1. Considering only residues of region 150-187 that are among the basic types (Lys, Arg) and in contact with a strand residue (DSSP E or B) (Cβ under 8 Å, 6 or more places away or on another chain), which is modelled with the lowest pLDDT?
2. Among the residues of region 123-172, which ones are free of Cβ contacts under 8 Å to residues at least 24 places away in the same chain, closer than 29 Å to residue 112 by Cα and not hydrophobic (A, V, I, L, M, F, W, C)?
3. Which condition does residue 148 not pass, out of (1) of a type outside the set (A, V, I, L, M, F, W, C); (2) within 27 Å of residue 61 (Cβ to Cβ); (3) surrounded by 12 or more Cβ atoms within 10 Å (Cβ to Cβ); (4) touching a Ser or Thr at 6+ places or on another chain (Cβ under 8 Å), if it passes all the others?
Amino acid sequence: MPDSERTWGIGRQAGRARAGAGGLSALLRTGLLGLVLVCAACGFEPVYAPGGGSVADSLRTVSVDQPPGRIGQAMRLAILYGIGDRQSGIQPKYRLRSQMRTDTERVAIQADESAARVNVIVNVSWQLQDAAGLTTYETGQVRRTVAYNVVADTFATLVGQRDAERLAGKQVGEAIRTRLLLALRDR
């Protein structure tokens, strides 16, 4: 078979494959549009959509108290990151208070009784109150555990510890933010 015929055959098959892919992408677009319409019809409202929704607007009216320490700061920043831009004229309607307890647990004990791994355990009890702190609307508890390795290099171990604390604070903050969204949705 001459090379020109082989090339023509391959090109023809590739063209058919592209046509099939175009049909598939059109089918996917149609299916995606149908899914969006079904979700809109059932009352689905994306929380973080541009322009916001009632839940996103309510979330912007929450004042978040600062828990002490590095973990508390990471938790507060994770909550505030999800709230988005707070406009300067908005007066807080709600206040988020929290009590944090942190522990460390040595695990993976070696023969010389030193730990090769340490768990950072963060327990947070939180309350969503009115701005004055007189009425409690919702309460909850969140617990997260993050581990880091203990290595021969002291600096590397310290960096691992700080990263684990920051991650634990972030995870706790994200979990609380999700629960706040659910609480405010029902209000």
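The values are calculated or read from the model by the stated rules, or taken from the named source; none is laboratory data. Note that this is a predicted model, so its numbers are computed, not measured. All Cβ positions, glycine included, derive from the backbone under ideal geometry; neighbour counts span all protein chains shown.
1. Narrowing region 150-187 to residues among the basic types (Lys, Arg): 162, 166, 170, 177, 179, 185, 187.
Still in the list and also in contact with a strand residue (DSSP E or B) (Cβ under 8 Å, 6 or more places away or on another chain): 179, 187.
Details: 179: 89, 187: 64.
Restricting to residues being among the basic types (Lys, Arg) and in contact with a strand residue (DSSP E or B) (Cβ under 8 Å, 6 or more places away or on another chain), the top hit is 187.
2. 153, 154, 157, 160, 163 - these are the residues of region 123-172 that are free of Cβ contacts under 8 Å to residues at least 24 places away in the same chain, closer than 29 Å to residue 112 by Cα and not hydrophobic (A, V, I, L, M, F, W, C).
3. Exception for residue 148: condition (2).
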